[in-house]
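Dumping the structure here so I can ask a few things about it.
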6 protein chains.
Amino acid sequence: MARPDGRAADQLRPVTLTRHWSIHPEGSVLVEFGNTRVLCTASVTEGVPRWRKGSGLGWLTAEYAMLPRATNTRGDRESVKGKVGGRTQEISRLIGRSLRACIDLKALGENSIVLDCDVLQADGGTRTAAITGAYVALHDAVTWLAGRKSLAGKVEKVLHTSIQAVSVGIIDGEPRLDLPYVEDVAAEVDMNVVCTGAGDFVEVQGTGENGVFKRAQLDAMLDLGLAGCAELAIAQQKALAA
Amino acid sequence: MARPDGRAADQLRPVTLTRHWSIHPEGSVLVEFGNTRVLCTASVTEGVPRWRKGSGLGWLTAEYAMLPRATNTRGDRESVKGKVGGRTQEISRLIGRSLRACIDLKALGENSIVLDCDVLQADGGTRTAAITGAYVALHDAVTWLAGRKSLAGKVEKVLHTSIQAVSVGIIDGEPRLDLPYVEDVAAEVDMNVVCTGAGDFVEVQGTGENGVFKRAQLDAMLDLGLAGCAELAIAQQKALAA
Amino acid sequence: MARPDGRAADQLRPVTLTRHWSIHPEGSVLVEFGNTRVLCTASVTEGVPRWRKGSGLGWLTAEYAMLPRATNTRGDRESVKGKVGGRTQEISRLIGRSLRACIDLKALGENSIVLDCDVLQADGGTRTAAITGAYVALHDAVTWLAGRKSLAGKVEKVLHTSIQAVSVGIIDGEPRLDLPYVEDVAAEVDMNVVCTGAGDFVEVQGTGENGVFKRAQLDAMLDLGLAGCAELAIAQQKALAA
Amino acid sequence: MARPDGRAADQLRPVTLTRHWSIHPEGSVLVEFGNTRVLCTASVTEGVPRWRKGSGLGWLTAEYAMLPRATNTRGDRESVKGKVGGRTQEISRLIGRSLRACIDLKALGENSIVLDCDVLQADGGTRTAAITGAYVALHDAVTWLAGRKSLAGKVEKVLHTSIQAVSVGIIDGEPRLDLPYVEDVAAEVDMNVVCTGAGDFVEVQGTGENGVFKRAQLDAMLDLGLAGCAELAIAQQKALAA
Amino acid sequence: MARPDGRAADQLRPVTLTRHWSIHPEGSVLVEFGNTRVLCTASVTEGVPRWRKGSGLGWLTAEYAMLPRATNTRGDRESVKGKVGGRTQEISRLIGRSLRACIDLKALGENSIVLDCDVLQADGGTRTAAITGAYVALHDAVTWLAGRKSLAGKVEKVLHTSIQAVSVGIIDGEPRLDLPYVEDVAAEVDMNVVCTGAGDFVEVQGTGENGVFKRAQLDAMLDLGLAGCAELAIAQQKALAA
Amino acid sequence: MARPDGRAADQLRPVTLTRHWSIHPEGSVLVEFGNTRVLCTASVTEGVPRWRKGSGLGWLTAEYAMLPRATNTRGDRESVKGKVGGRTQEISRLIGRSLRACIDLKALGENSIVLDCDVLQADGGTRTAAITGAYVALHDAVTWLAGRKSLAGKVEKVLHTSIQAVSVGIIDGEPRLDLPYVEDVAAEVDMNVVCTGAGDFVEVQGTGENGVFKRAQLDAMLDLGLAGCAELAIAQQKALAA
């Protein structure tokens, strides 16, 4: 069965990474995976939270959120509901964990970086797009710090690898890469794969949304995910070289 | 004393109104007043809140918010803080009140419209840009409803006028139009003027931020505001004609 | 058309300012504009919030609230709802801003004053009564500080002018001063004017509640508001001289 | 040792019950026990909460609160803190429970009454003053319902007895009635006694604040409390007869 | 009329106090009054809250909670509701107050103890079981501190007496000790009595749940409560001697 | 390097599943994986939430929480903090998703089941113990429903498989099964594997906590996890047969 947008099963959607999208943040990237569009900003403050002072270590966290009408149906604002939902917290924690895997907090020195990933338009894979874009924003922010001589180490020492993420799933028994919303809701199994530029795993999360999955299916999804991340790593390099 | 960006005292910043910026909402406009950039979406649902059912009247509300790094220094998310701040609520209420001034809720019929104004980048005048952009998004949403034959009246009956807003202030004793952030913080008096396309006032809010003001100064600011709104009305017409 | 209580269009309701209404606060005034009854207290603490320490500057804030049955229909308590509503925050901010316009925070020295305005009975104009009463409570509190030799400057230096506020509106096309509830809900335009004892504007907020308004109408409302504030300033002087 | 205000150990402070203190509520009483001053209002709505509809039974609840500067030191507002404190909830529950002891909810019919007790000025015994005043406000509200023919039974059937409350304590080993703040903080034992007009107990709460207490001391406090409540019942009758 | 479980009116349910129920806390007791089962833990931290530092005094607080299905019908979690209910707060405060009556905070020195009482299974009398069990957990925690030489005084000086609590009530006119749920809901009057090992009262709370009560009934309940507490004090001694 | 408790790398800790631990819930299991101790209850209510009525489908959710002193250091209660933390929500969602994989909501009919998993004592692997115990509690609850003839299908139709979960990790380069706390904090990679009794995957979550991981390591962990789940499935069968 053909994919709704005619892609091959192992093909990514068109990916764009627009750096310097906003004027204020130290790093700011608009990442697009097809119609999914996430604004990733990296905000630097010199110094670390009080409980970490004097440790010589930096700090990195992430926050993910969606504009109310990023989706097809308007969702209520979490600020108005007065609490951050479980899905939002889960994704914020995933992004933070993923990006901490590429940063040497000692080489960062006592500086803090907050990665904000705000979904302006959603069409599946928002968390994986966010991770992929956040890495580029983070790179710009660390470079900015280096320019101010506020960095204990060099940029390449602080960021010893790159981080990418992509979703994979099984639809009608077929493993497919980078699901848009219409495939995501139809998937029997849904998996997110986060990798380093060196091809190692940082995080693997597979869920049988409408069923369970066998070892062979899991293996096929991991293959697709690794290959997709390798392509995304190249896109990040190109964007950073531009 | 010259303005920081070289404009005349009665000159607006470059204004752009990009319609159909996102794919999901019924109306979606990216409005820019110089570096201030607000995404205004209009979300339509057929039907009204329970307490209004059977009234024959429609419903319109607005919500304003800022991305955490829309500003020069990162602000904490209101969702994380667990409550909507006073400034945010005040502006949301102002936008809703302003746009309700142009809509005939009877002609709208039992349909609900939510206007979301999310500041992606802030450089002064976010609330007035939001009102100006929200009108265009609202117009697209009402037109969409008309296309679905879900409207009690015609578009021109539902929206009997247009709505614009602009800030004015007094800096170093001089009344100036459309203040960017750097002028806003230096202003002795700060005023927001909301008008209809017919040149009537919808709302006037003047505050002596760093001092008080005399009747003559108030009059000068009102003159500037009226003229600025008239220009913005033309920009809206052009955008809607495109 | 006659006003419901027979007043002339430019006439205030009977105004009373009862000082020392409660025993604990440094300043405590029960202000009445007709049936509207607001308890205004000024609470002094020596010292300022941590972030302001060492600045040499004092601090002044205000909080407004309504008893649940101050109105004709009982309203739910904001403490029970777990959040302060938009209207309440807006008015609290207005009161604070207005009273800061008359105080020299340097001459106040590192002292903090909180103005609490609790509406015991509402009949229109609660925010303007609150501002008018809060000034008198503030004056008593500053005088109390002077009596303890805790003031950097003299009372007249700390409070360089007085502050008054009044509502004006247009009902059936006629501009009227100091609206009770029954006129307030019927008004086409509703405006609050805050002035200093010297006749300057501190804040002007006009809203077309059920319609828009023309420049001439705005001018007529400003005239009424200025005259009303001048009368209130005299009432404040008398109360403080008693 | 003499009491600070010269009273005998078994003597109440001057008690006043001012009915019709506000214009809006169906019952509204300003109760004063010396300097303690509580505004008690009774708000009637026809009908009962959804889960009670069709039961034929009425509903009665109470809410207690304190103005921020009712006390010697300003307390933060619970609305601003975003939650109702333990002490406030405890007293609200006590007032509701106490007043439900005198009302026949079947004879009330499907009507709801909310008793709001707002402390305008505190000097010890606020909860007992609140209960004593709330009974009078409740009586006025039930009489109002009777006047509208909205009552299933007669007023005397709905309210089959009256309710009073008073505090007692042991200071320097001496049992004393109706403690002002200065005695309250010094008391070794603190007790609140709620009675009916017939001299039965509704609620008894004794706490060893700074120590424990013996059976004989408890008996002496109960004697004082019963006698104090009997006096308060007479004051209530006089107020209702006025 | 016989009691549902065949006990005499003045008889306690079987009471067990299992020390060292969990491995982590400094004191940890599973207390059972019949089917009521409460896990009481005492958590010690060296040091006191900031505002108490340098006072030489220790600190003791308590928190009570119920698992959602401790009762016959599942209750919503207070964490999910986002606030602690009035009943929970009231009981937490009661437990803290009761246990503070037996501890010499000066002899404790600048150490903090939190008593957590979590109801695993409820069948009436959860607050009184919690107090009785918490005393034993507290004793173990203080002994633990003594073993670390972190105590200013000896264990017997820090804990100068023991604390017990039991419920009493009047069912069908008969005073009964230690009510299970089925009697609790049927009781006309419900009372909780907290005593010291020396037979003094710490707290007495009697409520006419479905009626009022006379002095003679109150006296009979106090007799039962005192006798029940004396038995519980022996059970505590045995548990601590084991 | 030997494991702290002397186990083989592929060996589970002692597992106990105590059914009917509490008297009220329809299913109630105390599950222990070594020192980790979780009370899992299944609460049945006939009927489903309003939005699901008439669908013919049942409903199943889960909530996870920890007692404050389940861990070595006391944690603040989420009810007191006023919000459910990200970790708690993430685990609650995981448990619900995992157990929904074994239940046929159509065969369950319009009944609702809430699974509460409260950690009484924590020593690593609380979420996997919770899932394993919750399945047994769920089985008892469904059997209870069958006994009341309230089930659309038979028990075996409603629960078409069993669900187990176990943690695996890599410590000092060695893949190990079922990590206690001391291994969990030292693990380079941490993975949770949820399986069905048929040996299929329901969920796989692997995280490089202190590093990244290679495909071969992931494969080794999956092998261990599958084998561990198979053992747990046997333990569940034995418990249910007892």
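The values are calculated or read from the model by the stated rules, or taken from the named source; none is laboratory data. No experiment lies behind these values; they were computed from the predicted model shown. Virtual Cβ from ideal backbone geometry, glycine too; neighbours counted across all protein chains shown. Keep in mind that these areas ignore ligands, DNA and RNA; they rest on the heavy atoms of the full protein, side chains included. Shrake-Rupley method; radii C 1.70, N 1.55, O 1.52, S 1.80 Å.
Does C:H139 satisfy the criteria of being at pLDDT below 95, under 20 Å from the mean Cα position of the chain (by Cα) and either over 25 Å from C:A9 (Cα atoms) or more than 14 Å from chain B (Cβ to nearest Cβ) (or both)?
no
Another question, if that's okay. Just wondering, is there one or more residues in region C:103-112 that are more than 14 Å from chain B (Cβ to nearest Cβ), in contact with a Lys or Arg (Cβ under 8 Å, 6 or more places away or on another chain) and among the acidic types (D, E)?
Taking every residue of region C:103-112 in turn, at least one turns out to be more than 14 Å from chain B (Cβ to nearest Cβ), in contact with a Lys or Arg (Cβ under 8 Å, 6 or more places away or on another chain) and among the acidic types (D, E).
Please tell me if B:I91 is in contact with a helix residue (DSSP H, G or I) (Cβ under 6 Å, 6 or more places away or on another chain), within 13 Å of chain C (Cβ to nearest Cβ), more than 22 Å from B:H24 (Cβ to Cβ) and open to solvent by less than 10 Å² (accessible area, probe 1.4 Å).
yes
So, in region F:28-70, exactly how many residues are touching a Phe, Trp or Tyr at 6+ places or on another chain (Cβ under 7 Å) and either within 23 Å of F:V166 (Cβ to Cβ) or not aliphatic (A, V, I, L, M) (or both)?
Counting residues in region F:28-70 that are touching a Phe, Trp or Tyr at 6+ places or on another chain (Cβ under 7 Å) and either within 23 Å of F:V166 (Cβ to Cβ) or not aliphatic (A, V, I, L, M) (or both) gives 6.
Looking at (1) away from chain C (no Cβ under 12 Å); (2) surrounded by 18 or more Cβ atoms within 10 Å (Cβ to Cβ); (3) in contact (Cβ under 8 Å) with a residue 12 or more places away in the chain, which is the only condition B:S79 fails?
(3) is the only condition that B:S79 fails.
Could you check region F:55-71 and list, in sequence order, the residues that are touching a residue at least 12 places away in the same chain (Cβ under 8 Å) and either over 19 Å from the mean Cα position of the chain (by Cα) or within 14 Å of chain A (Cβ to nearest Cβ) (or both)?
Selection gives F:S55, F:G56, F:L57, F:G58, F:T61, F:A62, F:E63, F:Y64, F:A65.
Checking A:D223 against (1) away from chain F (no Cβ under 14 Å); (2) surrounded by fewer than 24 Cβ atoms within 10 Å (Cβ to Cβ); (3) acidic (D, E); (4) within 29 Å of F:R100 (Cβ to Cβ), which single condition isn't satisfied?
Checking A:D223 against (1) away from chain F (no Cβ under 14 Å); (2) surrounded by fewer than 24 Cβ atoms within 10 Å (Cβ to Cβ); (3) acidic (D, E); (4) within 29 Å of F:R100 (Cβ to Cβ), the one that fails is (1).
Follow-up question, since we're still on this one. Among the residues of region C:40-56, which ones are in contact with a strand residue (DSSP E or B) (Cβ under 8 Å, 6 or more places away or on another chain), more than 17 Å from C:G96 (Cβ to Cβ) and open to solvent by less than 40 Å² (accessible area, probe 1.4 Å)?
Within region C:40-56, just C:G47 meets the criteria.
Taking the stated definitions as given, is C:R97 within 12 Å of the chain's Cα centre (by Cα), modelled with pLDDT of 95 or more and either within 30 Å of C:G54 (Cβ to Cβ) or surrounded by fewer than 23 Cβ atoms within 10 Å (Cβ to Cβ) (or both)?
yes
A:N72 passes all but one of (1) within 30 Å of A:P14 (Cα to Cα); (2) not in a loop (DSSP other than H, G, I, E, B); which number fails?
Evaluating A:N72 over (1) within 30 Å of A:P14 (Cα to Cα); (2) not in a loop (DSSP other than H, G, I, E, B) leaves (2) as the failure.
Could I ask something else about it? For the structure I just gave you, tell me whether D:V48 is within 14 Å of chain E (Cβ to nearest Cβ), among the aliphatic types (A, V, I, L, M) and assigned to a loop (DSSP other than H, G, I, E, B).
For D:V48, the condition - within 14 Å of chain E (Cβ to nearest Cβ), among the aliphatic types (A, V, I, L, M) and assigned to a loop (DSSP other than H, G, I, E, B) - is not met.
Applying the selection to region C:185-242, what residues are among the charged types (D, E, K, R), without any contact (Cβ under 8 Å) to a residue 40 or more places away in the chain and in contact with a Lys or Arg (Cβ under 7 Å, 6 or more places away or on another chain)?
C:D200
Within region A:21-39, take every residue that is part of a loop (DSSP other than H, G, I, E, B) and in contact (Cβ under 8 Å) with a residue 24 or more places away in the chain and give me the one that is most open to solvent (accessible area, probe 1.4 Å).
A:N35
I'd like the residue in region B:185-220 that is under 20 Å from C:L224 (Cα atoms) and more than 9 Å from chain C (Cβ to nearest Cβ) and, out of all such residues, is most open to solvent (accessible area, probe 1.4 Å).
Filtering first and then ranking leaves B:A216.
Another one. Under the condition of being among the polar types (S, T, N, Q) and not in a helix (DSSP H, G or I), which residue from region F:80-127 is farthest from F:L159 (Cα to Cα)?
Per the stated criteria, the residue is F:Q121.
Residue by residue through region A:174-184, note down the ones that are over 12 Å from A:L224 (Cα atoms) and either open to solvent by 50 Å² or more (accessible area, probe 1.4 Å) or among the β-branched types (V, I, T) (or both).
Residues satisfying the conditions are A:Y181, A:V182, A:D184.
Restricting the search to region B:164-217, which residues are closer than 16 Å to B:A8 by Cα and touching a Cys at 6+ places or on another chain (Cβ under 8 Å)?
B:V166
Now for a separate question. Working only within region D:143-163, note down all residues that are open to solvent by less than 30 Å² (accessible area, probe 1.4 Å) and under 16 Å from D:A241 (Cβ atoms).
If the condition is that a residue be open to solvent by less than 30 Å² (accessible area, probe 1.4 Å) and under 16 Å from D:A241 (Cβ atoms), then D:V155, D:L159, D:S162 are the ones that fit.
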